Amino acid sequence: MTKVLFAAGDARWEDWQAPLEAAFRDAGIDADLAQWHPPAEVDFVICAPAGPHQDFSPYTGARAVLSIWAGVEGIVDNDTLTQPLTRMVDPGLTAGMIEYVTGHVLRHHLGIDRTLRASRDGAWRPEVPPLASDRGVTVLGLGALGLAVAQALAGLGFRVTGWSRSARDAPAIRCLSGAEGLRDALRAAEILVLLLPLTDATEGLIDSAALGHLPAGAFIVNPGRGALIEDRDLLAALETGHVAHATLDTFRQEPLPPEHPFWAHPGVTVTPHVASATRPASAARVIAENVRRGLAGEPLLHLVDRERGY
Ligand code: GLV
């Protein structure tokens, strides 16, 4: 029997146990899934950031540690982790992200806030919004989430620019990379979407210099990671109106402290890290496939490059 340790916390166990058991069964894996096994007997560890198990050294026989989160910045530097680490690429997580970003991009694109205000004030003020094909949207990060979001936005007709660390190619998206590419990507961003992993290279990437490259009156949507943005620089850009509005789902500190200026700022929409979540029903199948691969000695899906940080 394959011993799988669910180390993602009591609070998640109820949601995950049945989908994981079903996924193992469907994959033909004879798995013993539990929240505790004798550590040296564990074959696979399922983990989450801030889960109860942060010391992976007792799992001497584990073939892999499988994260149920897409972002692995909380575990990638863990020195006790010597086993291969995978991050989550879940069709449910991706679908949710497409819906969140599309919704918030369309909100800003169509000026829905303005419409609601005018309707409330009884103001007949016809302002026909531009078409998506007249609007430049830039997605920073072309990983599983960024690419899917960029393609969905391109499907709606937006002029989409995508930027990634290393050069990529994707239909209907202007793909840029490198420092020079970043400047051009920001210049094209009437609406900027942040879906980069948080690494040493991306921490604070959106600072005053980067914000300065955005067209005046740009919108920002950040469902990626809070620390991609220098908060103070964003607040300054909101003050001058250079950034018209920021919809933020992720923050340097979560929950966002009550005294943080983002809460009360009229130019900021705060959503509490709900842009998207791993969905146990679909994600359990990804975990089961990786367990199958691990047992068969096949390459794991979504293996984290510890040097690169994602
Ligand atoms: C959520 O933020 C994730 O990384 O999956």
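List the strands (runs of 3 or more DSSP E) that sit entirely inside region 7-72 and contain at least 1 residues that are of a type in the set (F, W, Y) and open to solvent by less than 30 Å² (accessible area, probe 1.4 Å).
Answer list for region 7-72: 44-47.
Take the conditions in the same structural domain as V149 (by TED's automatic domain parsing), assigned to a helix (DSSP H, G or I), away from the ligand (no atom under 16 Å from the Cβ) and surrounded by fewer than 22 Cβ atoms within 10 Å (Cβ to Cβ) and apply them to L186. Does it pass?
Considered against the rule, which asks whether it is in the same structural domain as V149 (by TED's automatic domain parsing), assigned to a helix (DSSP H, G or I), away from the ligand (no atom under 16 Å from the Cβ) and surrounded by fewer than 22 Cβ atoms within 10 Å (Cβ to Cβ), L186 comes out as no.
Test A236 against the criterion of being more than 21 Å from the chain's Cα centre (by Cα), of a type in the set (A, V, I, L, M, F, W, C) and surrounded by fewer than 19 Cβ atoms within 10 Å (Cβ to Cβ), and give yes or no.
Considered against the rule, which asks whether it is more than 21 Å from the chain's Cα centre (by Cα), of a type in the set (A, V, I, L, M, F, W, C) and surrounded by fewer than 19 Cβ atoms within 10 Å (Cβ to Cβ), A236 comes out as yes.
Report, by residue number, each residue of region 169-208 that is more than 16 Å from G157 (Cα to Cα), of a type in the set (D, E, K, R) and in contact (Cβ under 8 Å) with a residue 12 or more places away in the chain.
Correct list: R183, D184, R187, D200, E203, D207.
Please work out which residue is farthest from L194 (Cα to Cα), limiting yourself to region 249-276 and to residues that are open to solvent by less than 50 Å² (accessible area, probe 1.4 Å) and among the aliphatic types (A, V, I, L, M).
Here the answer is L256.
When only residues in region 45-100 that are more than 17 Å from the chain's Cα centre (by Cα) and of a type in the set (S, T, Y) count, which is farthest from the ligand (Cβ to nearest atom)?
Only one residue tops the list, namely T60.
Just to be sure I understand, how many residues within region 265-288 are away from the ligand (no atom under 13 Å from the Cβ) and among the basic types (K, R)?
Matching residues across region 265-288 total 1.
Checking the structure you have, find out if any residue of region 141-151 is open to solvent by 20 Å² or more (accessible area, probe 1.4 Å), out of contact with any strand residue (DSSP E or B) (no Cβ under 9 Å at 6 or more places or on another chain) and without any contact (Cβ under 8 Å) to a residue 40 or more places away in the chain.
no
Quick check, is L20 at negative phi and in contact with a helix residue (DSSP H, G or I) (Cβ under 7 Å, 6 or more places away or on another chain)?
yes
Do you know which residues across region 77-105 are part of a helix (DSSP H, G or I) and touching a Leu at 6+ places or on another chain (Cβ under 8 Å)?
Once the filter is applied, which keeps residues that are part of a helix (DSSP H, G or I) and touching a Leu at 6+ places or on another chain (Cβ under 8 Å), region 77-105 yields L93, T94, M97, V101, T102, V105.
Could you list, in sequence order, the residues of region 277-308 that are surrounded by fewer than 17 Cβ atoms within 10 Å (Cβ to Cβ) and at positive phi?
Once the filter is applied, which keeps residues that are surrounded by fewer than 17 Cβ atoms within 10 Å (Cβ to Cβ) and at positive phi, region 277-308 yields only G297.
Would you check which residues across region 232-265 are over 26 Å from E73 (Cβ atoms) and not in a loop (DSSP other than H, G, I, E, B) and list them?
E239, T240, A244, H245, A264
Conditions first: (1) in contact (Cβ under 8 Å) with a residue 40 or more places away in the chain; (2) in contact with a helix residue (DSSP H, G or I) (Cβ under 6 Å, 6 or more places away or on another chain); (3) surrounded by fewer than 21 Cβ atoms within 10 Å (Cβ to Cβ). P84 passes all but one, so which condition is the exception?
Going through the list (1) in contact (Cβ under 8 Å) with a residue 40 or more places away in the chain; (2) in contact with a helix residue (DSSP H, G or I) (Cβ under 6 Å, 6 or more places away or on another chain); (3) surrounded by fewer than 21 Cβ atoms within 10 Å (Cβ to Cβ), P84 breaks only (2).
Take the residues of region 211-222 that are open to solvent by 10 Å² or more (accessible area, probe 1.4 Å) and part of a loop (DSSP other than H, G, I, E, B): which is farthest from G267 (Cα to Cα)?
P215
So, of the residues in region 167-183 that are in a helix (DSSP H, G or I) and not aliphatic (A, V, I, L, M), which turns out to be most open to solvent (accessible area, probe 1.4 Å)?
Ranking the candidates gives E180 first.
I'd like to check something: does region 106-123 contain any residue that is assigned to a loop (DSSP other than H, G, I, E, B), away from the ligand (no atom under 16 Å from the Cβ) and open to solvent by 60 Å² or more (accessible area, probe 1.4 Å)?
Yes, region 106-123 contains a residue that is assigned to a loop (DSSP other than H, G, I, E, B), away from the ligand (no atom under 16 Å from the Cβ) and open to solvent by 60 Å² or more (accessible area, probe 1.4 Å).
Taking the condition modelled with pLDDT of 95 or more, within 16 Å of the ligand (Cβ to nearest atom) and open to solvent by 10 Å² or more (accessible area, probe 1.4 Å), does L195 pass?
Criteria met by L195.
The values are calculated or read from the model by the stated rules, or taken from the named source; none is laboratory data. Keep in mind the model is a prediction, meaning the values are calculated, not measured. Note that each Cβ is placed from the backbone with ideal geometry, even for glycine, and that neighbours are counted across all protein chains shown. The protein model used for the area step is the full one, side chains on, heavy atoms only, and it has no ligands, DNA or RNA in it. Shrake-Rupley method; radii C 1.70, N 1.55, O 1.52, S 1.80 Å.
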